[in-house]
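Report on the following structure.
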Amino acid sequence: MPKNDDGPPGPQSPYIYGLYRHLTTNLSKLSVNPACMKMLVFNMQPGWDVKVVVPSSQKSWIGESKQSCPSSRADAPLAGNAFHIQEITRGRYYYPKEPDGMGEVSSASRPLSEGEVAEWVLLDGTPATCTNIALHNLYPGTIDLVISGPNLGRNSSAALAMSSGTIGAAMSSALSQIRSVAISYGTVLHTTPNELFGPANILSGQIIQYLWNNWGKDVGGIRNGEIDMYNVNVPMIMELLNPEGIDVHWTHMWRNSYGRLFKAISDPGATSTTRDVPNKGQDVARQYPAQQREPGGDVEGDVSRDEPATLVFKFSPDFQPLITPSLGSLPVGSDGWAIAKGHASITPLRACFAHVDHDPAAIGPESLRILKL
């Protein structure tokens, strides 16, 4: 089952249709249903049956949140394993066409029209929401593998991965004890040449096939003692066109951090809803669309138009330290190091916030694990 956090095919989601077509025509017979952005789901049988479920719109930078709401509202959920329990998730059907996957949306399922290649599902929810609904409501008991991506932009390093809707969708699958692979295409060239799309899809298909056939073991895994999920990053560089392609490294995650992500808006009358992302900034954030206004409302939500807006902030990050760090500052063998070297990376992950054994007594007998104040 393919899934992503960028939405259906379009300028902000240029990769999902190409990978879908590669998987369905070159690797084996597949069928896709897009319902939630950044997720591919595969029924691994002779002749793969691929269901695509993706978000109906851009849902980057929301981590493993299970539902969305306008980010200007005071009751917006935090990133992480959060539910917005008062929201209803609605879906529609999507019918992509050649050559670019652009297609029609329908409120009801219907037969394919001339030129349409599949029926996908679009959900008005987060990537993690799409994964869970696909696995337990749309296709219960029939999905063997969830592919989240390909994301437009890298998801290497802890700072980016912890905020990633793509990885959040894969983690949602892992927590349902279904194998998952998150795939991201790192933006290096501005703009990315179209001729790189095909080689990136071929390499990703090879990696997916290899991982499925050689899934690793982890005694701490939540599914049969195997690795919960993998995070794959492919740099979109010209070397992909070389006959030998690019190297693929097993990596660990670069543990880094970020600083200020938002800036205060000083103008009390400011009503801009665009997120200010530098042109050459963080390629996961890239050209964010305007936030949706509430019907009949404005970006300040419940704040009266007559009151001065003193607490108004706008997403305006500086991601240069995360995207272009010096090679010497990167731990050798990390995903950030691999991307900086022009290599693809595969990082095995557990679907959890890792704990720290801060004291030897923490793993000793029960009596030693009691904190005495």
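The values are calculated or read from the model by the stated rules, or taken from the named source; none is laboratory data. This structure is a prediction, so every number in the text was calculated from the model and none was measured. All Cβ positions, even for glycine, are placed from backbone atoms using ideal geometry, and neighbour counts span all protein chains on display. For accessibility, only protein heavy atoms count, side chains too; no ligands or nucleic acids. Shrake-Rupley method; radii C 1.70, N 1.55, O 1.52, S 1.80 Å.
Going by the structure shown, is Ile178 surrounded by fewer than 24 Cβ atoms within 10 Å (Cβ to Cβ), at pLDDT 95 or above and of a type outside the set (S, T, N, Q)? Spell out the reasoning first.
Values: surrounded by fewer than 24 Cβ atoms within 10 Å (Cβ to Cβ): yes; at pLDDT 95 or above: yes; of a type outside the set (S, T, N, Q): yes.
Taking the combined requirement at face value, the residue satisfies it.
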Can you tell me which residues in the stretch 201-236 are open to solvent by 20 Å² or more (accessible area, probe 1.4 Å), touching a Leu at 6+ places or on another chain (Cβ under 9 Å) and not in a helix (DSSP H, G or I)?
-> Ile222, Ile227
Among (1) open to solvent by 10 Å² or more (accessible area, probe 1.4 Å); (2) β-branched (Val, Ile, Thr); (3) in a strand (DSSP E or B), where does Thr142 come up short?
-> (3)
Within the stretch 145-159, which residues are of a type in the set (A, V, I, L, M) and either open to solvent by less than 10 Å² (accessible area, probe 1.4 Å) or farther than 19 Å from Gly336 by Cα (or both)?
-> Leu145, Val146, Ile147, Ala159
Determine the pairs where a residue that is modelled with pLDDT of 85 or more, located within the stretch 254-272, has a partner that is assigned to a loop (DSSP other than H, G, I, E, B) and open to solvent by 80 Å² or more (accessible area, probe 1.4 Å) with Cβ atoms under 8 Å apart, the partner being 6 or more residues away or on another chain.
-> Gly259/Asp318; Arg260/Asp318
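Could you say which residue among Thr192, Thr166 is part of a helix (DSSP H, G or I), within 27 Å of Gly101 (Cα to Cα) and open to solvent by less than 30 Å² (accessible area, probe 1.4 Å)?
Checking each option against the conditions leaves just Thr166.
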Failed item, numbered, when Ser180 is tested on (1) part of a strand (DSSP E or B); (2) within 25 Å of Ala340 (Cβ to Cβ) = (2)
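Working only within the stretch 315-333, note down all residues that are assigned to a helix (DSSP H, G or I), surrounded by fewer than 14 Cβ atoms within 10 Å (Cβ to Cβ) and either within 23 Å of the chain's Cα centre (by Cα) or aromatic (Phe, Trp, Tyr) (or both).
Passing the criteria: only Gln320.
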